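First comes the structure, then the notes that go with it.
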Amino acid sequence: MRPRVAALEWFDPVYVAGHWTPELIELAGAEDVLGEAGEPSRVVSWEELASAQPQIVVAMPCGWDAARARAEADAHSEQLAATGARRVVAVNGGAYFSRPGPRLIEGLELLAHIVHPDLFAEAPAEVLEVPLAAVASGRGGA
């Protein structure tokens, strides 16, 4: 079974990644739960995100490095925890996902590491875990 992934390009409002990112997620061996390949990124509600039941949420805000993406994810940790995701990670969206070009290959490798760390032990770029412990106790299975 492929891990269920939600890729977020923004938090307020919540934008799920479109364009080529859903294809990258599929090539990495996962299922994008909200994005549609070849379609623009789109706004969803936190409720819609939770209903999609992602196992992994990748925070990849457009134009931000991994540290800034992590800070923004930290600011939304309650909403992220409410999705039921087992893992939330922050990456440099601007460098590896937002622009078409050769760095998309590194983005694919980064996603492969995130969704299958047992098969792809080395991350080609920074992956920052977003702790959700403060609100995780009521999520069951976390």
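A short reminder: the numbers here are calculations on the coordinates, not readings from a lab. What you see is a predicted model; the values in this text were computed from it and never measured. Don't worry about glycine lacking a Cβ; one is built from the backbone with ideal geometry, like all the others, and counts go over all protein chains shown.
What is the set of long-range amide H partners of residue 41 at a cut-off below 5 Å, with H atoms built 1.01 Å from backbone N?
18, 19
For segment 25-105, just say rounded, prolate or oblate: build the C-alpha gyration tensor, square-root its eigenvalues into a ≥ b ≥ c, call rounded for a/c under 1.5, and beyond that prolate if a/b exceeds b/c, oblate if not.
oblate
Taking the Cα centre of segment 4-133 as origin, work out the dipole magnitude from +1 charges on Lys and Arg Cβ and -1 charges on Asp and Glu Cβ, in debye rounded to 20. Mind dumping the intermediate values first?
Working: 8 positive and 20 negative charges, 23 e Å.
Here the size comes out at about 120 debye.
How large is the helix-only mean residue ellipticity at 222 nm for the chain, computed as the sum of -39500 (n - 2.57) over DSSP H runs with n ≥ 4, divided by its residue count, in deg cm²/dmol to the nearest 500? Kindly include the intermediate steps, with their values, before the conclusion.
On the way: 7 runs with 49 residues, N = 142.
Value at 222 nm, helices only, nearest 500: -8500 deg cm²/dmol.
Which of rounded, prolate, oblate describes segment 1-47, given a ≥ b ≥ c as roots of the alpha-carbon gyration tensor eigenvalues and a/c under 1.5 marking rounded, otherwise prolate only if a/b is larger than b/c?
oblate
With unit charges on the beta carbon (Lys/Arg positive, Asp/Glu negative), name the residue among 117, 92, 102 whose Cα is farthest towards the positive pole of the charge dipole of the chain.
Ranked along the dipole, the leading option is 117.
From the P(r) of the chain, could you give the percentage of C-alpha pairs in the tail past 21 Å? Could you put the intermediate results ahead of the total?
Working: 3315 of 10011 pairs.
Of all Cα-Cα pairs in the chain, 33 percent lie more than 21 Å apart.
Roughly what angle does helix 66-75 make with the longest principal axis of the chain, taking Cα atoms, 0 to 90 degrees, to the nearest 10?
Its long axis makes an angle of about 20 degrees.
Distance from the Cα centre of segment 7-31 to that of segment 38-115, in angstrom?
Spelled out, the Cα-based centre of one part sits 7 Å from the other.
Taking 0.36 nm per residue of sequence separation and subtracting the Cα-Cα distance, how much length would be gained by fully extending the chain between residue 71 and residue 36, in nm to one decimal?
9.9 nm
If you rank 118, 12, 65, 32 by fewest surrounding Cβ atoms within 10 Å, what's the result?
118, 12, 65, 32
Does anyone have the angle between helix 103-115 and the longest principal axis of the chain? Alpha-carbon axes, 0 to 90°, nearest 10?
40
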